[in-house]
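For reference, the structure discussed in these notes is given below.
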Amino acid sequence: MAGRSGLRVCVIGAGPSGIAAAKALHERGIAFECFEQRDGVGGLWSVDAADAQASYPSLECNTSKRRTQFSDFPMPGAFPPYPHNKQMAAYFDAYVDHFGFRQLIRFNTSVEHATRTREGGWDVRLSTGEVRSYDALVVANGHHREPRWPDPPFSGEFSGRQMHAHDYVGPDGFAGQAVVVLGMGNSAMDIAVELSGVARTVYLASRRGAHIVPKYAMGQPIDTFNTALPMPWLFKRALFSVIVRATIGRPEDVGLPKPDHRFGEAHPTVSQRIIERVRAGAVIPKPNIAAFDGGRVRFSDGSEVDADTVVYCTGYTVSFPFLDRDVIDPVDNRVNLFQQVFSPAVPSVAFVGLVQPFGALMPVAEAQSRLVADYLAGSYQLPSRGLMLAQIRRRQEVRRRQFVASARHTMEIDYHSYLRGLRRERRRGAISAA
């Protein structure tokens, strides 16, 4: 189906979500240009050694390939169940070439600012100095861009090196060091495990505990147990809790902090090896950092250690530096979007991939992109602004009841129930537009 006559769309970012959006627009015959600040697709899965924001060499996908792949482009059978970053980067490259839209992506070009016009379109200023005009924006710049640091900072001064996980590029340079890794998320576990093979000592500090999920259970990738069958969230949460406990036990059994929430009330941490490294004494659990004193780190229980480096795995701040605040203004990472995609106030902008799924991102971005393409093609009609705002409030209330209150969970979704909701909304909008 051809797009609306003369419609021109700007896609910001060529990471996994950006290329999903580009492919959906390309299939519908909607004219677009995609801008990517790097020299290739894949976003943070980039393996360019010269790129300080590229993924670290040991990074693996924490969702299985069957759950992660796009629906119409399977990953190669030779890929392991959890592909590593080079394989993911190759997969995204192949996806773009297979569907034939690489020539519509401008690499090494970033969007500096997008300004709404009186007519409702957009003037987009690029890093090249050009200003180009479009009828709509599709924002897919990711939400792992701006490092989030402890706020307020810890008291005292630390004489060693401090870095965020965003800038971690591998274990080189850490040999023989004492390292404090702060955090209990996926990056913290990956980095602590990797550094435990080269560093003198690795301390894993955290403010609160986390439920740790292994990659495999009963010989299968654990996310294969997250079925599409509609079932109450309480039942699904209990089922996963039993599977996890039977597979690796409880975090507190090995000295990690006991989670202050039930399984499923916070985004789980996926790690196959952290429990064994803690059991082996290669990673030493610690409570939250309390203060610094030169080369020493004091923890909240009063204990102190000498350290050479502190790695902050403290998450990210959602930001859109190229958009004015009257378009979107995340506060504590909250974004008020209909279906996590559309702005009720600005219908000419859509966001793809702005979610934290209890599952894989790529199929979610694919489904969002199809909805956006339907809207831009004129075959899907948004509900009224009042109905969109009501849906946003309902979703916030469900999220408030289901997950712990933190900036990390403001965009949390349950993979299957969210996708079912998108399918229902796509049908509803198509009927009312007919």
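Contact map, the range 56-74: first residue within 13 Å of N226 (Cβ to Cβ), second residue surrounded by 21 or more Cβ atoms within 10 Å (Cβ to Cβ) and small (G, A, S), Cβ cut-off under 7 Å, separation 6 or more or different chains; pairs are T63/A360; R67/A360; T68/A360.
Against the test of being part of a loop (DSSP other than H, G, I, E, B) and either buried (at least 20 other Cβ atoms within 10 Å of the Cβ) or in contact (Cβ under 8 Å) with a residue 24 or more places away in the chain (or both), the options I328, I284 yield a single qualifying residue, I328. Within the range 73-90, the set of residues being under 18 Å from the mean Cα position of the chain (by Cα) and within 15 Å of A14 (Cα to Cα) comprises M88, A89. From the residues in the range 335-351 that are touching a strand residue (DSSP E or B) at 6+ places or on another chain (Cβ under 7 Å) and either part of a strand (DSSP E or B) or among the aromatic types (F, W, Y) (or both), which one is surrounded by the most Cβ atoms within 10 Å (Cβ to Cβ)? Step by step, filter the range 335-351, then rank; the result is A350.
Being of a type outside the set (D, E, K, R), modelled with pLDDT of 85 or more and part of a loop (DSSP other than H, G, I, E, B) narrows it down to one residue among L354, L389; which is it? Steps first, please.
Details: L389 fails: part of a loop (DSSP other than H, G, I, E, B).
Of L354, L389, the one residue that is of a type outside the set (D, E, K, R), modelled with pLDDT of 85 or more and part of a loop (DSSP other than H, G, I, E, B) is L354.
Which of the strands (runs of 3 or more DSSP E) found entirely inside the range 118-197 contain at least 1 residues meeting this: under 26 Å from the mean Cα position of the chain (by Cα) and outside the structural domain of S58 (by TED's automatic domain parsing)? Please lay out each step first, then the result.
On the way: elements: 122-126, 131-134, 136-139, 161-164, 178-182.
Qualifying strands (runs of 3 or more DSSP E): 161-164, 178-182.
Can we say Q402 is within 25 Å of C313 (Cβ to Cβ) and either among the small types (G, A, S) or in contact (Cβ under 8 Å) with a residue 40 or more places away in the chain (or both)?
yes
Would it be correct to say that P321 is surrounded by fewer than 21 Cβ atoms within 10 Å (Cβ to Cβ) and either out of contact with any Cys (no Cβ under 6 Å at 6 or more places or on another chain) or of a type in the set (K, R) (or both)? Spell out how you get there, then give the answer.
On the way: surrounded by fewer than 21 Cβ atoms within 10 Å (Cβ to Cβ): yes; either out of contact with any Cys (no Cβ under 6 Å at 6 or more places or on another chain) or of a type in the set (K, R) (or both): yes.
Yes; evaluated as a whole, the condition is true for this residue.
Within the group T247, T269, T224, which residue is closer than 18 Å to A192 by Cβ and among the β-branched types (V, I, T)?
Working: T247 fails: closer than 18 Å to A192 by Cβ; T224 fails: closer than 18 Å to A192 by Cβ.
The conditions single out T269.
Yes or no, residue by residue, for (1) buried (at least 21 other Cβ atoms within 10 Å of the Cβ); (2) under 28 Å from G43 (Cα atoms):
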| site | (1), (2) |
| --- | --- |
| L354 | yes, yes |
| F358 | yes, yes |
| D374 | no, yes |
| L387 | no, no |
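The set of residues from the range 191-208 being farther than 17 Å from P251 by Cα, among the hydrophobic types (A, V, I, L, M, F, W, C) and crowded, with 22+ Cβ neighbours inside 10 Å comprises I191, L195, A199, V202. Of note, G264 does not satisfy the criterion of being over 26 Å from the mean Cα position of the chain (by Cα), at pLDDT below 85 and under 20 Å from N62 (Cβ atoms). Among the candidates T109, T115, the residue that is of a type in the set (S, T, Y), touching a residue at least 40 places away in the same chain (Cβ under 8 Å), out of contact with any Cys (no Cβ under 9 Å at 6 or more places or on another chain) and assigned to a loop (DSSP other than H, G, I, E, B) is uniquely T109.
If I filter the range 82-103 down to residues being assigned to a loop (DSSP other than H, G, I, E, B) and touching a helix residue (DSSP H, G or I) at 6+ places or on another chain (Cβ under 6 Å), which single residue comes out as nearest to I212 (Cα to Cα)? Spell out how you get there, then give the answer.
At the first step, the residues of the range 82-103 found to be assigned to a loop (DSSP other than H, G, I, E, B) are 82-83, 100-101.
The next check asks that each one be touching a helix residue (DSSP H, G or I) at 6+ places or on another chain (Cβ under 6 Å); those that pass are 83, 101.
On the way: P83: 20, F101: 39 Å.
The residue in question is P83.
The listed residues are P80, P74, P57, and the only one of them that is modelled with pLDDT under 90 and either acidic (D, E) or surrounded by fewer than 16 Cβ atoms within 10 Å (Cβ to Cβ) (or both) turns out to be P57. Annotation note: of P259, P230, the sole residue that is at pLDDT 80 or above and not in a helix (DSSP H, G or I) is P259. Set side by side, the residues G142, G176 differ, and just one is modelled with pLDDT under 95 and either out of contact with any Leu (no Cβ under 6 Å at 6 or more places or on another chain) or surrounded by fewer than 18 Cβ atoms within 10 Å (Cβ to Cβ) (or both), which is G142.
The values are calculated or read from the model by the stated rules, or taken from the named source; none is laboratory data. Keep in mind the model is a prediction, meaning the values are calculated, not measured. As a convention, Cβ positions derive from the backbone with ideal geometry for all residues, glycine included, and neighbour counts pool all protein chains shown.
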